[in-house]
Amino acid sequence: MHANVTFKIVSWDENPFEEVGDGPKLTQAHVKRSFDGDLTGTGNLMYVMTHIDSGDASFVGYEKVVGALGGRSGSFVLRHTGYYDGGKATAELEVVPGSGTDELVGLSGTGRFSAGYAEEHDMPLDYEV
């Protein structure tokens, strides 16, 4: 199945945990998101990021999503892998196997997003339950 999803960033709290001279800066960011469309609900996300001197960054993260997907309620975890380049964050997403609960037990899927400075961002998701 294909889900048309949009998200908004509700909050972003980013803090460094390693800053070494000329090397890359490492940060962690706690992000809260809201979802609309074929997925409704909220996300609680933690990124670990590597910032390089050009201003670009690479990141990985895990997000617990609670809500309803295609009319089925429950929760699941998304794994994020992406980068920030030139004012735009791009990520590939994967539902962590075995993370679905309630009506989303057995959920699998992949998605992506490309987010700039707009308030709302598209996040298509292909999935099976």
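The values are calculated or read from the model by the stated rules, or taken from the named source; none is laboratory data. Predicted model only: the values in this text are computed from it and were never measured. Glycine gets a Cβ as well: all are built from the backbone with ideal geometry, and neighbour counts include every protein chain shown. Ligands, DNA and RNA are stripped out before the accessible areas are found, and what is left, the full protein with its side chains, is counted by its heavy atoms. Shrake-Rupley method; radii C 1.70, N 1.55, O 1.52, S 1.80 Å.
Would you confirm whether or not the stretch 16-25 contains a residue that is surrounded by 15 or more Cβ atoms within 10 Å (Cβ to Cβ), part of a strand (DSSP E or B) and in contact with a Phe, Trp or Tyr (Cβ under 8 Å, 6 or more places away or on another chain)?
Looking through the stretch 16-25, none of the residues is surrounded by 15 or more Cβ atoms within 10 Å (Cβ to Cβ), part of a strand (DSSP E or B) and in contact with a Phe, Trp or Tyr (Cβ under 8 Å, 6 or more places away or on another chain).
Return the residues of the stretch 37-49 that are over 14 Å from His80 (Cα atoms) and either free of Cβ contacts under 8 Å to residues at least 40 places away in the same chain or among the aromatic types (Phe, Trp, Tyr) (or both); say none if nothing qualifies.
Passing the criteria: Gly37, Thr40, Gly41, Thr42.
Taking the criterion of being more than 15 Å from the chain's Cα centre (by Cα), among the hydrophobic types (A, V, I, L, M, F, W, C) and surrounded by 15 or more Cβ atoms within 10 Å (Cβ to Cβ), would at least one residue in the stretch 32-41 satisfy it?
no
With the structure loaded, tell me whether Val66 is farther than 18 Å from Asn15 by Cβ, among the aliphatic types (A, V, I, L, M), at pLDDT 95 or above and open to solvent by 70 Å² or more (accessible area, probe 1.4 Å) or whether it fails that test.
yes
Can we say Thr6 is closer than 27 Å to Leu107 by Cα, of a type in the set (Ser, Thr, Tyr) and open to solvent by less than 40 Å² (accessible area, probe 1.4 Å)?
yes
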